[in-house]
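Student: Once you've had a glance at the structure underneath, I'll fire off some questions.
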Amino acid sequence: MSYTSIFKPHLLAGQVIVVTGGGSGIGRCTAHELAALGAHVVLIGRAIDKLHRVAGEIVAQGGRVSFHPCDIRQEEAVQTTVTAIVVAQGRINGLVNNAGGQYITPLESISAKGWEAVINTNLTGGFLMARECYLQSMQAHGGSIVNIVADIWGSMPSMGHSGAARAGMVSLTETAAAEWAHSGVRVNAVAPGYIASSGMDHYPPEAGPMLREMRHTVPLGRFGTESETSAAIVFLLSEAANFISGATLRVDGARPQVRMGWPMQRPDADALQRDAIKPFDGFHLAATPRVFQE
């Protein structure tokens, strides 16, 4: 089996695309799709064992891949890593700023250290990666950056640190799109909503009932798939999006449009099978999060 992409074969042939957080979840899925479309994918992450595993999966499918362990929160490490990529590959055509993380807690319980850890991972690290890819390659050769944010519309109660960071990344996306356009660089964001990803496996068991109920707050009546997020990322990296920059593409089933007092009608079983809203899942190695296996 191999990745079943909706895009034409060889769409990204010859391109070098960096994926941070490429060792799991949406990053792993996106890396597989990019490689299946002909790109040389460069995986970035802190856990070398995860990077090695995903690289092995891609090689087994005939894809081209390399990886560099890096803590994107550390400026010198990012500079050194991007230099190594440019030396090895010649240039960087695309960056998927996917690395991120957060934990469930109310604002009054977040310590300064916890706040800084989430901000540094979800905002500062993405800025450092984008800046260095721009300075060391894209400023001279052009390119495309896709920042992965989140469903921040209506805020993120119990994840205020992540919401603040993601909102900052949306603003950073718009600023970079304006400042770097003259170099032929496009900068956009993808905002996943409720996606059935392996990232859910990191939430505590007591969050299970809440996670299983979340789909009932989505007008399309379901969770999204990693593949649906990856497809949005690939579109923004492709030449079909050459006049799109500074945009945030939501992949959320219209969840932010739900309003208190509005009698939301949920799709029935037949509706969920219609082509317009049924799940797309082209990732041959996708696994259902444990919380949905109970």
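Student: Which numbered condition in (1) hydrophobic (A, V, I, L, M, F, W, C); (2) loosely packed, with under 14 Cβ neighbours inside 10 Å; (3) over 26 Å from I244 (Cβ atoms) is the only one that M200 fails?
Tutor: Single failed check for M200: (2).
Student: Counting just the residues of the stretch 215-251 that are modelled with pLDDT under 95 and of a type in the set (D, E, K, R), which one comes out nearest to R274 (Cα to Cα)?
Tutor: This residue is R222.
Student: A further question on this structure: Which pairs turn up if I take residues in the stretch 172-196 that are closer than 30 Å to L285 by Cβ and small (G, A, S) and look for partners that are modelled with pLDDT of 95 or more and part of a helix (DSSP H, G or I) with beta carbon separation below 7 Å, at least 6 apart in sequence or on another chain?
Tutor: Correct list of pairs: A189/M169; A189/V170; A189/T173.
Student: Follow-up question, since we're still on this one. Any chance the stretch 225-238 includes a residue that's assigned to a loop (DSSP other than H, G, I, E, B), closer than 25 Å to Y203 by Cβ and not aliphatic (A, V, I, L, M)?
Tutor: Yes, that holds for at least one residue.
Student: Now for a different question. Kindly list, by first and then second residue, each pair from a residue in the stretch 258-275 that is at negative phi to a residue that is exposed (fewer than 10 other Cβ atoms within 10 Å of the Cβ) and assigned to a loop (DSSP other than H, G, I, E, B), limited to pairs with Cβ atoms under 9 Å and residues at least 6 apart or on different chains.
Tutor: P267/R274
Student: Has the stretch 263-275 got at least one residue that is surrounded by fewer than 17 Cβ atoms within 10 Å (Cβ to Cβ) and under 22 Å from S155 (Cβ atoms)?
Tutor: yes
Student: On to the next question. Tell me which of these V41 doesn't satisfy, since it passes every other one: (1) crowded, with 16+ Cβ neighbours inside 10 Å; (2) touching a residue at least 40 places away in the same chain (Cβ under 8 Å); (3) β-branched (V, I, T); (4) over 22 Å from M159 (Cα atoms).
Tutor: Unmet for V41, out of (1) crowded, with 16+ Cβ neighbours inside 10 Å; (2) touching a residue at least 40 places away in the same chain (Cβ under 8 Å); (3) β-branched (V, I, T); (4) over 22 Å from M159 (Cα atoms): (2).
Student: Next question, about the same structure. Of the conditions (1) of a type outside the set (F, W, Y); (2) closer than 28 Å to A241 by Cα; (3) part of a helix (DSSP H, G or I), L95 fails just one. Which one is it?
Tutor: Of (1) of a type outside the set (F, W, Y); (2) closer than 28 Å to A241 by Cα; (3) part of a helix (DSSP H, G or I), only one is false for L95: (3).
Student: Here's another thing I want to ask about it. Considering only the stretch 239-262, state which residues are surrounded by fewer than 19 Cβ atoms within 10 Å (Cβ to Cβ) and assigned to a helix (DSSP H, G or I).
Tutor: E239, A240, A241, P256, Q257
The values are calculated or read from the model by the stated rules, or taken from the named source; none is laboratory data. In this text the structure is predicted, and so the values were computed from the model without any measurement. Cβ sites come from the backbone with ideal geometry, for glycine too, and all protein chains shown count toward neighbours.
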